[in-house]
Amino acid sequence: MKREKKKRIGLIGFGQIGSSLNEMLSAQPELNMELAFVHEVNSERAAKIPGGLRLETMEGFASQKPDLVVEAAHPEAVRRYGTMVLRECDLMILSVSALVDAALEKTLRKVCSEKGTRLFIPHGAVLGLDGIKDGLSVWEQVTITMKKNPKNLNFDAAPQLKPDGIAKETVLYDGPTRGILPLFPKNVNSHATLALASLGMDKTRSILVADPKLEESVIVIDASGGGNSIHIERRNPIKGVTGKLTILSILESLKNIFGSRDVVVTC
């Protein structure tokens, strides 16, 4: 029996998620996936890229023949490379907060239609997304509440907020999802994913809470309408700004994209 050709994955970003993905793929050759290249602009992180995989610039990336490129860097990477990649192959973005820019989203959709490529948005930290999508016609309200220790939030885009001054549970934001994405682009990709899958950026409600007592990430999703309701709560240990379950979910999304090898498949 002829062995199936390995699926080749290009990777933009070699931080916590990118390096973890490399480790998981290396440890599980049975997945039949391999890295085609890694592009990382930070010199310290780039030095950790395995030999032969580093791609200095994204121009000419297609020569590495990736089946899919995974963006695991920053919303700016989606803005800079999104259309470039989608003209050549499929793209999975983890910095979903980049799509707060409606013009960018429209452009990416247009390129996909013209080139026959696909833009994948993994469920990431959003559990129960299938149930949310199933009930889309009845939901009147959809809310996502995220609670984290201030040390696990990136305040770079919100300098008006002072993490050192947070001594108790504090609501940092409560409003439409579109409003929170520019403030915490590295933390609230789950908010953007839920909004895109449900009521949209302007009708989905986002709440962000900083609690210095927390040593875990907490995400609560509530949807209601027409007498129906869903309540989902997820807690998991967190390192940096990304929880372990989120990283594991990305690998599962890759398996789904390329076709699950499981004997029994839930769908």
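The values are calculated or read from the model by the stated rules, or taken from the named source; none is laboratory data. Please read these numbers as outputs of a predicted model, since none were measured by experiment. Cβ sites come from the backbone with ideal geometry, for glycine too, and all protein chains shown count toward neighbours. Protein only, heavy atoms only, side chains kept; ligands, DNA and RNA dropped before computing areas. Shrake-Rupley method; radii C 1.70, N 1.55, O 1.52, S 1.80 Å.
Remarks
- Counting only protein heavy atoms and using a 1.4 Å probe, the accessible area of R80 comes to about 140 Å².
- Using θ = phi - 60° and Karplus 6.51 cos²θ - 1.76 cosθ + 1.60, couplings along the stretch 49-62 (whole Hz; Gly, Pro as x): 5, x, x, x, 9, 5, 10, 5, 10, 7, 4, x, 4, 4
- Leading residue at positive end of dipole, the chain (Cβ point charges), from L11, I166, I93: L11
- Simple spin-label estimate for E56 and R109 in nanometres, 7 Å along Cα-Cβ: 3.9
- Residues E88 and D130, FRET efficiency given R0 of 30 Å [Cβ-Cβ distance, rounded to 0.05]: 0.50
- FRET efficiency, K244 to Q64 (Cβ-Cβ, R0 22 Å, nearest 0.05): 0.15
- Over 24 Å (Cα to Cα) - which of K48/K186; K147/K255; K5/K133; K213/K244; K162/K186 fall in this group: K147/K255; K5/K133
- The alpha carbon gyration tensor of the stretch 21-146 gives principal lengths a ≥ b ≥ c with a/c of 1.5 or higher and a/b greater than b/c, which makes the shape prolate.
- When H39, H231, H74 are compared by accessible area at a 1.4 angstrom probe, the order from most to least is H231, H74, H39.
- Each Lys and Arg adds +1 at its Cβ and each Asp and Glu adds -1 at its Cβ; summed about the Cα centre, the chain shows a dipole of about 420 debye.
- Exposure ranking of D164, D67 by accessible area [1.4 Å probe, largest first]: D164, D67
- Spin-label model, K168 to K203: label points 7 Å out along the Cα-to-beta-carbon direction sit 3.7 nm apart.
- Shape call, the stretch 1-73: gyration tensor on alpha carbons, a/c limit 1.5: oblate
- Nonlocal amide H pairs with H39, under 5 Å, H built at 1.01 Å: L11, I12, G13, L55
- The H on the amide N of V209, modeled in the peptide plane, is under 5 Å from the matching H of M146, K147, K148, L172, each at least 5 residues off or on a different chain.
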